[in-house]
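The structure appears below as structure tokens.
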Amino acid sequence: MKLTLNVWRQTGPTAPGKMVRYEMPDVNPDMSFLEMLDVLNEGLIQKGDSPIVFEHDCREGICGSCGFMIDGKAHGGFPKTTVCQLHMRHYKDGDELFLEPWRATAFPIVKDLMVNRSAFDRIIQAGGFISVPTGSAVDGNAIAIPKSNSDRAMDAAQCIGCGACVASCPNASASLFTGAKIAHLNLLPQGQPEKLDRALHMVTTMNEEMFGSCTNLRECEATCPKGISIENIAIMNRHFVEASFAHRPTASEAGAG
Amino acid sequence: MATAVVPKSKIQQSLALYQSSIGKKYVVAITGALLFAFTVGHMLGNLQIYLPNAEEALISYAKLLRTSMEVLWVIRIGLLTAFVLHIVTIAQLYNLNRSARPQAYVKKTPTVSTFASRTMYVSGPILFFFVLYHIAHLTIGNVHPNYQEMNPYRNLVWGFRQPLAAGFYIVAMSMLGAHLTHGVWSMFQSVGFNHPRYTPLIRSFATTAAAVISLGNISIPVCVLLGIIGKDVV
Ligand code: HEM
Ligand code: FES
């Protein structure tokens with residue numbers, strides 16, 4: 001089948017970018033979207049042009065590396081599908097597609113369709129962990145966890161950090177990501193000792209990274225390749241406000257450390 | 001917003017809460033809830049125009065509201081504070097969201113978000129201008145063609161016989177309907193209430209309440225224009 005692609009080309013973080021048109025005369029419907037771009041890139045390399053840069057690794061929807069906007073929808077907008085899991089059979093002969101990188105102040109463009117998502121790593125560093133004593137592992141069954149809590153925590157834990165929530169949000173908010181990461185640990189007994197600090201620090205970092213504010217549009221939930229629910233955002237909001245009221249400065253924060 | 005800090009003192013703690021995007025959403029939601037409650041009460045008051053002796057009913061309602069001017073002013077100032085806080089906080093969040101994505105997408109396709117939810121920044125500002133006009137029109141009366149002190153019934157009828165004024169009320173109340181369709185469920189989510197059992201009910205409640213408030217109010221200028229209300233006013 002024949003496709004026309006309009007791809008955002010930008011040589012570096014501060015360079016101006018623009019849409020460039022590519023004709024693909026013979027796309028195999030069995031190819032994945034990334035394989036289709038591989039074919040396009042082969043052609044560009046043969047012509048001596050620079051290939052389109054896009055991020056990818058596992059190509060099976062688990063690593064969270066891939067992702068860009070297809071026709072204004074993150075990962076193409078198919079339910080629970082990353083762009084590496086998307087196949088060309090979903091498109092028709094003669095389609096014209098627009099490919100753009102995630103756009104957010106917090107996600108500076110590295111090149112073409114690739115953005116720097118280190119802001120997510122800094123949110124995780126702020127509290128997306130639990131502190132456990134070293135030594136032999138505790139017996140898995142020793143801690144009782146209500147089934148519904150473990151289910152909800154596992155659902156939240158599915159987040160692969162791809163950034164589609166930020167990209168699809170008209171406000172470039174990272175609430176779904178941060179909410180999922182907070183809820184994932186805060187719903188489990190292992191997360192309790194650091195529950196409030198986690199909410200406080202991760203939300204504060206999210207704000208410092210210049211992500212936007214949630215207006216409950218639900219675009220993130222709809223485009224999340226893991227189907228993460230905005231219920232996690234509600235959990236984050238509750239725990240953050242609870243933490244803001246309950247917080248006591250620790251010795252190190254108070255400057256005595 | 002970029003200056004949000006981990007709080008060290010009580011004051012800083014409250015400031016940090018207000019500086020955070022989530023704290024601001026609580027302010028928008030709580031002030032929005034007050035304004036929503038007001039619109040419900042206001043609409044019920046307005047609907048007394050359908051009572052058999054509407055003129056009398058509305059005059060005694062106006063007197064009832066003025067039983068104690070002190071109490072009335074406390075309520076007015078409370079509502080004004082909520083109104084101002086709602087708008088100022090939204091303006092701050094709007095700026096934050098603008099700077100969070102300075103470069104727009106060449107192509108962006110909404111998926112599940114409703115039209116009402118994407119146009120909160122259109123319906124809101126129209127409501128702001130409407131409120132200013134509405135107070136000048138029917139409370140102060142300085143932009144009214146034939147204002148009579150303490151006679152809401154006649155003021156409504158005379159006011160809405162002007163098609164432009166009636167039209168603006170109809171547009172503004174449609175905007176209120178849109179604003180509340182999203183706002184009333186959104187405020188629950190913003191304050192952290194989301195539950196698979198209740199959230200669908202809250203969404204239906206929001207849509208229903210918004211439709212009732214909007215249509216209930218719109219019916220009044222429409223009935224005046226059609227001559228159904230105000231036959232007795234010449
Ligand atoms: C009659 C007056 C008003 C009422 C009853 C009202 C009600 C509400 C409610 C209940 C919310 C939801 C709060 C939340 O989810 O956090 C809301 C949000 C909002 N309001 Fe209003 N509002 C009014 C006036 C205004 C005005 C004058 C503006 C214009 C600046 C405005 C702009 C907004 C915006 C932009 C939101 C955020 C939407 C969101 O959170 O998704 N509102 N309003
Ligand atoms: S490449 Fe790993 S999720 Fe797509």
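Structure notes:
- Of all residues making up the range A:76-89, the number that are within 11 Å of chain B (Cβ to nearest Cβ) and either open to solvent by 30 Å² or more (accessible area, probe 1.4 Å) or within 13 Å of ligand 2 (Cβ to nearest atom) (or both): 3
- Between B:G192, B:G230, the distinction of being open to solvent by less than 10 Å² (accessible area, probe 1.4 Å) and within 14 Å of another protein chain (Cβ to nearest Cβ) belongs to B:G192 only.
- Of all the listed residues (A:A119, A:A104), the sole one being under 23 Å from A:F240 (Cα atoms) and either within 16 Å of ligand 2 (Cβ to nearest atom) or within 13 Å of chain B (Cβ to nearest Cβ) (or both) is A:A119.
- Any hit, the range B:91-101, residues being within 29 Å of B:L225 (Cβ to Cβ) and of a type outside the set (F, W, Y): no
- Whichever residue in the range B:187-216 is part of a helix (DSSP H, G or I) and of a type in the set (S, T, Y) and, among such residues, is nearest to B:T31 (Cα to Cα): B:S190
- Residue check, A:L40 outside any strand (DSSP E or B), more than 16 Å from ligand 2 (Cβ to nearest atom), surrounded by 17 or more Cβ atoms within 10 Å (Cβ to Cβ) and within 26 Å of the chain's Cα centre (by Cα): yes
- Yes/no for B:A4 being at pLDDT below 95, touching an Asp or Glu at 6+ places or on another chain (Cβ under 9 Å) and surrounded by 14 or more Cβ atoms within 10 Å (Cβ to Cβ): yes
- Under the condition of being under 24 Å from A:E208 (Cβ atoms) and surrounded by 19 or more Cβ atoms within 10 Å (Cβ to Cβ), the residues counted in the range B:87-121 number 7.
- Selection status of A:N237, touching a helix residue (DSSP H, G or I) at 6+ places or on another chain (Cβ under 7 Å), assigned to a loop (DSSP other than H, G, I, E, B) and modelled with pLDDT of 95 or more: no
- Segments classed as helices (runs of 4 or more DSSP H), wholly inside the range B:26-121, with at least 2 members that are within 14 Å of chain A (Cβ to nearest Cβ) and within 14 Å of ligand 1 (Cβ to nearest atom): B:69-100, B:115-118
- Considering residues of the range B:159-205 that are β-branched (V, I, T) and away from ligand 1 (no atom under 11 Å from the Cβ) only, the residue farthest from B:L127 (Cα to Cα): B:T199
- Filter pass, A:G48 being at positive phi and open to solvent by less than 20 Å² (accessible area, probe 1.4 Å): no
- Selection count, the range A:21-36, where residues are surrounded by 14 or more Cβ atoms within 10 Å (Cβ to Cβ) and either more than 21 Å from the chain's Cα centre (by Cα) or more than 16 Å from ligand 2 (Cβ to nearest atom) (or both): 6
- Restricting attention to the range A:63-75, the residues being open to solvent by 20 Å² or more (accessible area, probe 1.4 Å) and more than 6 Å from ligand 2 (Cβ to nearest atom) number 2.
- Selection status of B:F128, open to solvent by 10 Å² or more (accessible area, probe 1.4 Å), within 14 Å of chain A (Cβ to nearest Cβ) and either away from ligand 1 (no atom under 16 Å from the Cβ) or not small (G, A, S) (or both): no
- Each residue in the range A:88-139 was checked for being of a type in the set (K, R) and in a loop (DSSP other than H, G, I, E, B), and 3 pass.
- Each residue in the range A:225-242 was checked for being at positive phi and either touching a Ser or Thr at 6+ places or on another chain (Cβ under 8 Å) or crowded, with 23+ Cβ neighbours inside 10 Å (or both), and 0 pass.
- Boolean, A:A222 is more than 16 Å from the chain's Cα centre (by Cα), surrounded by fewer than 21 Cβ atoms within 10 Å (Cβ to Cβ) and either assigned by TED's automatic domain parsing to the domain that holds A:H75 or of a type in the set (G, A, S) (or both): no
- Single residue of the range B:181-214 satisfying the filter (free of Cβ contacts under 8 Å to residues at least 60 places away in the same chain and of a type in the set (S, T, N, Q)) that is nearest to B:S20 (Cα to Cα): B:Q189
- Residues of the range A:138-164 that turn out to be within 19 Å of A:S65 (Cα to Cα) and open to solvent by 90 Å² or more (accessible area, probe 1.4 Å), as a count: 0
The values are calculated or read from the model by the stated rules, or taken from the named source; none is laboratory data. These numbers were taken from a predicted model, which means no experiment stands behind them. Glycine gets a Cβ as well: all are built from the backbone with ideal geometry, and neighbour counts include every protein chain shown. Just so you know, the surface numbers come from the protein's heavy atoms only, side chains and all, with ligands and any DNA or RNA stripped out. Shrake-Rupley method; radii C 1.70, N 1.55, O 1.52, S 1.80 Å.
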